[in-house]
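Reviewing the structure listed below.
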Amino acid sequence: MSEALKVPTMAEMMAEDKTPDILFWVGSAGSFDDRAKKISRAFVKILNKANVNFAVLGTEESSSGDAAKRAGNEFLFQMQAITNIEVLNAYEVKKIVTCCPHSYNTIKNEYPELGGTYEVYHHTEFLQQLLKAGKISLSGGEYKGKRVTFHDPCYLGRANSVFDAPRALMNEMKVDLVEMKRSKLNSLCCGAGGAQMFKEPEKGDKDINVLRTEDAMETSAEIIATGCPFCNTMMTDGVKAKEQEGKIEVLDVAELVARSL
Amino acid sequence: MQYIDNILFVALLAAGIWFFAKNIKTLIRNIKLGKDIDRTDNKPERWKNMAKIALGQGKMVRRPVSGILHIIVYVGFILINIEVLEIIIDGIFGTHRAFSGMGAFYGFLIGNFEVLAFLVLVAVIIFWVRRNVIKIKRFWKDEMKGWPKSDGNMILYFEMILMTLFLIMNATDVEFQAMNNGNVISQYITPLFSSMETSTLHIIERSAWWLHIVGILIFLNYLYYSKHLHILLAFPNTFYANLKPKGQFTNDANVTKEVKMMMDPSADPYAMPEEGAEEEIATFGAKDVTDLNWVNLLNAYTCTECGRCTSECPANLTGKKLSPRKIMMDTRDRLEEVGKNIDANNGEFKDDGKNLFDWISKEEVWACTSCNACVETCPVNIDPLGIIMEMRRYLVMEESAAPAELNNMMQNVENNGAPWPYNQMDRMKWVDE
Ligand code: SF4
Ligand code: SF4
């Protein structure tokens with residue numbers, strides 16, 4: 001890591017009597033998964049550069065409970081949710097941004113009934129706001145003219161109707177954005193959702209991520225962009241399975257943005 | 001003797017309607033076997049959805065070919081029913097073409113009906129070819145063998161016969177042809193009968209008339225046993241469909257109660273339930289159809305078996321056993337069985353040792369990625385995912401029967417606050433790597 005990142009925790013902020021404008025919910029993948037950690041760092045790099053007054057929960061953050069809930073374990077989910085809500089409410093958190101559509105969905109939609117109501121943004125939505133406010137500019141030109149296709153994460157797109165924010169960011173970078181035959185509302189899942197990420201698939205004749213990678217390959221894109229750590233893993237594995245590593249890169253929109261600053 | 005036709009007609013009509021009403025009663029009773037769920041909020045949005053999706057067929061045209069053909073059949077079906085009104089009046093009062101007094105307007109109406117009948121006939125033939133000759137894949141999946149396959153074709157034959165009878169009836173109606181008002185299509189059929197005596201024509205016309213109305217009554221009573229129930233249920237189904245974001249799953253309120261109690265240090269776990277409070281033994285998730293909510297059950301009866309959901313399901317596309325359409329068909333079949341059981345046992349369900357898992361296997365339940373593709377694409381807003389999730393909840397919370405890897409994941413969440421075996425205290429390490 002070249003530059004040191006500034007990542008204050010809520011506890012530190014509180015000790016200094018400061019209040020952050022927004023909480024960055026890192027998520028379990030963003031904290032522990034090797035590939036996803038890079039996305040977290042890319043996102044923070046942007047936040048630092050744009051001087052966003054943010055904080056993380058750090059060791060006080062725990063699994064959002066999404067995976068447990070989709071696996072059918074409502075008990076575990078609600079335990080996680082209620083514990084997290086207690087922490088968030090104690091810090092009087094109002095706004096949350098996250099790079100994980102699963103955390104995004106569950107905190108935004110499922111926490112309110114359990115006592116946690118926040119304004120929740122996916123990082124692509126938040127980055128779009130920064131762009132509109134002139135806090136970042138994407139004129140770096142790093143990806144200008146590159147053929148990029150965007151894979152809609154199910155929990156961002158179909159589940160929460162966020163289709164435009166990631167695309168707007170990439171258009172601003174002047175990439176050559178091509179849609180797959182299945183996209184937006186009709187996008188095909190990468191295969192990770194519903195807790196599939198944590199188990200072997202059932203018997204079939206193909207893996208879902210391979211099928212989705214084939215969709216992407218049909219566009220002859222050099223980059224598959226996505227906005228979810230799990231989609232990232234699945235697509236990266238798909239690219240490997242199709243032996244396209246040299247030709248196709250799988251990147252998060254935050255990484256594209258961070259390199260275009 | 002001269003009233004015998006009228007009496008016969010009224011008797012037939014009454015019997016047809018009586019059986020239909022009986023079926024509808026059973027249908028409503030069965031749907032009400034489901035658990036309660038409140039779907040009465042935001043009425044304006046609900047009416048709008050019903051108007052757009054059920055009445056306006058808004059989601060059908062996402063697949064333009066079948067969508068447009070379907071709209072023809074649907075509009076034809078509804079408008080030609082105005083003609084049925086005339087048939088009923090004629091039948092009861094022994095009149096002939098009671099509305100013909102309207103003159104030119106009558107011709108305009110019948111003319112339109114004839115054109116529609118012809119278009120419906122063409123559309124239905126194309127549908128038949130798509131199913132049986134081109135063999136479009138979604139109509140040939142495993143769950144479409146046997147009855148569902150014949151049901152799909154039967155409806156098409158029904159429509160073909162009814163439309164043909166309507167056109168023949170008009171073509172052989174000598175007076176009607178003489179009026180030359182509205183016979184836009186039937187005038188081209190009349191020559192086929194030109195060699196026949198007027199009396200023979202009259203017999204053909206009368207037969208076509210009778211068969212037409214009998215056919216319609218049979219059709220009406222066939223609905224309950226068919227995927228064609230959707231022509232009625234699409235309306236309530238789109239009205240009561242979920243309006244929340246698709247990613248928002250229900251929070252089980254019974255679980256909330258227990259979790260809050262567990263986490264509240266002041267709660268007394270041995271506290272007696274308040275007096276008068278009914279001790280409810282809640283099942284977590286769904287083991288059988290009666291554990292699902294009534295909208296799930298309404299969904300099951302509404303399913304058109306079109307297979308659009310299955311054709312977009314990532315699990316099914318990659319050869320897994322899961323098919324969201326099958327989830328809906330199985331739910332309906334089991335619900336029907338439970339309903340019959342109740343009828344046979346004086347209104348009480350008698351344990352038959354079976355449940356929904358005898359229809360839907362665990363393998364299917366665990367193959368779902370919860371991607372919502374099925375929900376998004378369904379032309380009548382059915383939610384197969386809701387049923388799958390309830391079944392998972394049952395497996396995990398009542399039977400502890402999750403796949404081993406998922407049990408690992410859940411144990412990690414419980415112990416470390418992450419789905420992987422990492423220490424919560426290491427949650428900031430990503431910053432410095
Ligand atoms: S939600 Fe499940 S059943 Fe529906 S399309 Fe996705 S994987 Fe298939
Ligand atoms: S659930 Fe909807 S999409 Fe699937 S078969 Fe039934 S009607 Fe068609």
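At-a-glance table
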{"quantity": "Residue within segment A:186-194 that is under 30 Å from residue B:386 (Cβ atoms), in a helix (DSSP H, G or I) and within 14 Å of chain B (Cβ to nearest Cβ) present", "calculated": "yes"}
{"quantity": "Answer residue from segment B:367-387, given it is among the aliphatic types (A, V, I, L, M) and more than 14 Å from residue B:310 (Cα to Cα) and is nearest to ligand 2 (Cβ to nearest atom) among those", "calculated": "B:380"}
{"quantity": "Pick from segment B:381-400, criterion more than 15 Å from ligand 1 (Cβ to nearest atom) and more than 9 Å from every other protein chain (Cβ to nearest Cβ), ranking: surrounded by the most Cβ atoms within 10 Å (Cβ to Cβ)", "calculated": "B:398"}
{"quantity": "Total residues in segment B:83-120, condition over 24 Å from residue B:4 (Cβ atoms) and of a type in the set (Val, Ile, Thr)", "calculated": "3"}
{"quantity": "Matching helices (runs of 4 or more DSSP H) fully within segment B:309-385 where at least 3 residues are at pLDDT 95 or above and more than 27 Å from residue A:196 (Cβ to Cβ)", "calculated": "B:324-344"}
{"quantity": "Long-range neighbours under 7 Å by Cβ, at least six apart or interchain, first residue facing another protein chain (nearest Cβ under 7 Å) within segment A:201-214, second in a helix (DSSP H, G or I) and surrounded by fewer than 18 Cβ atoms within 10 Å (Cβ to Cβ)", "calculated": "A:202/B:363"}
{"quantity": "Scope segment A:9-41; condition acidic (Asp, Glu) and assigned to a helix (DSSP H, G or I); matching residues", "calculated": "A:12, A:34"}
{"quantity": "Residue list for segment B:237-248, restricted to those being within 19 Å of the chain's Cα centre (by Cα), buried (at least 17 other Cβ atoms within 10 Å of the Cβ) and either in a loop (DSSP other than H, G, I, E, B) or not aromatic (Phe, Trp, Tyr) (or both)", "calculated": "B:237, B:238, B:240, B:241"}
{"quantity": "Contacts under 7 angstrom Cβ, first residue in segment B:367-380 being within 7 Å of chain A (Cβ to nearest Cβ), partner open to solvent by 10 Å² or more (accessible area, probe 1.4 Å) and near ligand 1 (Cβ under 7 Å from one of its atoms), 6 or more apart", "calculated": "B:373/B:312; B:373/B:313"}
{"quantity": "Breaking point among (1) under 22 Å from residue B:387 (Cβ atoms); (2) within 24 Å of the chain's Cα centre (by Cα); (3) of a type outside the set (Gly, Ala, Ser), for residue B:231", "calculated": "(1)"}
{"quantity": "Odd one out for residue B:403, checked against (1) more than 7 Å from chain A (Cβ to nearest Cβ); (2) in contact (Cβ under 8 Å) with a residue 12 or more places away in the chain", "calculated": "(1)"}
{"quantity": "Sole exception among (1) in contact (Cβ under 8 Å) with a residue 12 or more places away in the chain; (2) polar (S, T, N, Q); (3) within 16 Å of ligand 1 (Cβ to nearest atom) for residue A:109, by number", "calculated": "(3)"}
{"quantity": "Top-ranked residue of segment A:222-261 - restricted to ones that are open to solvent by 10 Å² or more (accessible area, probe 1.4 Å), among the hydrophobic types (A, V, I, L, M, F, W, C) and assigned to a loop (DSSP other than H, G, I, E, B), ranked as farthest from residue A:135 (Cα to Cα)", "calculated": "A:248"}
{"quantity": "Residue check, residue A:67 over 28 Å from residue B:396 (Cβ atoms), open to solvent by 10 Å² or more (accessible area, probe 1.4 Å) and not assigned by TED's automatic domain parsing to the domain that holds residue A:169", "calculated": "no"}
{"quantity": "Residue selected from segment B:309-336 under the condition of a type in the set (A, V, I, L, M), in contact with an Asp or Glu (Cβ under 9 Å, 6 or more places away or on another chain) and within 10 Å of ligand 1 (Cβ to nearest atom), by the criterion farthest from residue A:203 (Cα to Cα)", "calculated": "B:327"}
{"quantity": "Matching option when the condition is open to solvent by less than 70 Å² (accessible area, probe 1.4 Å) and either at pLDDT 95 or above or touching a Phe, Trp or Tyr at 6+ places or on another chain (Cβ under 8 Å) (or both), among B:11, B:21", "calculated": "B:21"}
{"quantity": "Candidate set from segment B:95-122 (those that are outside any helix (DSSP H, G or I) and open to solvent by less than 50 Å² (accessible area, probe 1.4 Å)); member that is modelled with the lowest pLDDT", "calculated": "B:103"}
{"quantity": "For residue B:377: the one exception among (1) closer than 28 Å to residue B:239 by Cβ; (2) open to solvent by 20 Å² or more (accessible area, probe 1.4 Å)", "calculated": "(2)"}
{"quantity": "Among residues of segment B:348-366, those that are within 7 Å of chain A (Cβ to nearest Cβ) and of a type in the set (Gly, Ala, Ser), counted", "calculated": "0"}
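For every residue, the table says whether it meets (1) open to solvent by 10 Å² or more (accessible area, probe 1.4 Å); (2) within 12 Å of ligand 2 (Cβ to nearest atom); (3) under 17 Å from residue B:376 (Cα atoms).
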site	(1), (2), (3)
B:319	yes, no, no
B:325	no, yes, yes
B:328	no, yes, yes
B:333	yes, no, no
B:338	no, no, no
B:343	yes, no, no
B:346	yes, no, no
B:351	yes, no, no
B:354	yes, no, no
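The values are calculated or read from the model by the stated rules, or taken from the named source; none is laboratory data. Because the structure is a prediction, the values reported are computed rather than measured. Cβ sites come from the backbone with ideal geometry, for glycine too, and all protein chains shown count toward neighbours. What goes into the accessible areas is simple: the full protein's heavy atoms, side chains included, and nothing from ligands, DNA or RNA. Shrake-Rupley method; radii C 1.70, N 1.55, O 1.52, S 1.80 Å.
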